[in-house]
1. Which one of these is more than 16 Å from the ligand (Cβ to nearest atom) and not assigned by TED's automatic domain parsing to the domain that holds residue 324: 56, 116, 87?
2. Considering each of 284, 242, 237 in turn, give the residue that is in contact (Cβ under 8 Å) with a residue 12 or more places away in the chain, in a loop (DSSP other than H, G, I, E, B) and under 30 Å from residue 51 (Cα atoms).
3. Would it be correct to say that residue 217 is within 19 Å of residue 107 (Cα to Cα) and in contact (Cβ under 8 Å) with a residue 60 or more places away in the chain?
4. Residue check: is residue 207 modelled with pLDDT of 95 or more and more than 26 Å from residue 362 (Cβ to Cβ)?
5. Checking residue 110 against (1) assigned to a loop (DSSP other than H, G, I, E, B); (2) farther than 22 Å from residue 295 by Cα; (3) modelled with pLDDT of 95 or more, which test does it fail?
6. If I go through segment 168-186 residue by residue, how many of them are surrounded by 14 or more Cβ atoms within 10 Å (Cβ to Cβ), more than 16 Å from the ligand (Cβ to nearest atom) and over 21 Å from residue 112 (Cα atoms)?
7. Name the residue that is surrounded by the fewest Cβ atoms within 10 Å (Cβ to Cβ), counting only residues in segment 300-311 that are part of a helix (DSSP H, G or I) and touching a residue at least 12 places away in the same chain (Cβ under 8 Å).
8. Say whether the condition of being touching a helix residue (DSSP H, G or I) at 6+ places or on another chain (Cβ under 6 Å), within 16 Å of the ligand (Cβ to nearest atom) and farther than 27 Å from residue 357 by Cα is met by at least one residue in segment 151-167.
Ligand SMILES: *Cc1c(COP(=O)(O)O)cnc(C)c1O
């Protein structure tokens, strides 16, 4: 088994030459500058309101919802807490939650923090995601008695088949919460299941730390909003619901408003770099994810390398100082803290996880850098 890689970022000296070639960075957050955030910060100085659903929070919330084409977006302190709250608001504590073994480990943390019992299942080997068909098969073999939730995960920001999950949801009666943490730049409307986003600095848009629950159900938005602030529903400061403090401050909302301002420019740059990769990899054995750079974009670029070429390719990237990472490692079931979680057979996960490799991708990547990287891929 290959170790999960830590990016090498020291400058490389090429032979005897004095020229130092800086290796490209694996990831570079596309956050707004201090200058872009400053006008919003000044508004905080003027209002003297620093948190507790202030005016910047409301403006950011409404602009985010409008941008994504949803009725409501509830800002949360992170993508992980967005998932926790959406699960707590829609499921019964103690029941089994089906989630893919192949996801970022945050999904598994959120499930257990929401007092659910995780069950890791396999993914579709082409989509790298859970499908209703997979869940139906698991349920047919295991029964539904103890199953209380399903969490499909968008693979690295790829679009989730929202309509298929809506059909599954109404046919099975099971709550579905979609982890679309990396898909904030992909979403255009949602279905009946709440959708959770991360707005971490490494996502697009990034606001530092933050997330959001998207829903077209105003009642659910209201309940989850209350849960972000100690369960208070009105001015009476009476906790009607159990929750906690999962709010964002006005400073985070200020960053969020500036992040939405720069978003079109960031997306344009990411599309430019994605196009270079698409063109460079045309006709090659290395595959981009379906539709990447054409129908959707995200903050990471993950290629699929043929199994028999993985080891040599990673060695070549290392030799040339090109950083790479398995963003989702080899699956949640391989993490020590989740080693005792029940799993169904994970043949597809075991097969694809070692060969899905994140390569350098950020808005400032140059054409010559992409060419150097692509030349090292099969
Ligand atoms: C980023 C991410 C998360 C966690 O989001 P945070 O904002 O870092 O808490 C959860 N799930 C997936 C799939 C992610 O990519």
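1. 56
2. Step by step, each of 284, 242, 237 is checked, and only 242 is in contact (Cβ under 8 Å) with a residue 12 or more places away in the chain, in a loop (DSSP other than H, G, I, E, B) and under 30 Å from residue 51 (Cα atoms).
3. Against the criterion (within 19 Å of residue 107 (Cα to Cα) and in contact (Cβ under 8 Å) with a residue 60 or more places away in the chain), residue 217 does not qualify.
4. Judged against the criteria, residue 207 is not a match.
5. Tallying (1) assigned to a loop (DSSP other than H, G, I, E, B); (2) farther than 22 Å from residue 295 by Cα; (3) modelled with pLDDT of 95 or more, residue 110 fails exactly one: (1).
6. Here the count works out to 3.
7. Looking at the filtered set, the residue picked out is 307.
8. No, because not a single residue in segment 151-167 is touching a helix residue (DSSP H, G or I) at 6+ places or on another chain (Cβ under 6 Å), within 16 Å of the ligand (Cβ to nearest atom) and farther than 27 Å from residue 357 by Cα.
The values are calculated or read from the model by the stated rules, or taken from the named source; none is laboratory data. Please read these numbers as outputs of a predicted model, since none were measured by experiment. Cβ coordinates were reconstructed from backbone atoms using ideal geometry, including for glycine residues, and neighbour counts include every protein chain displayed.
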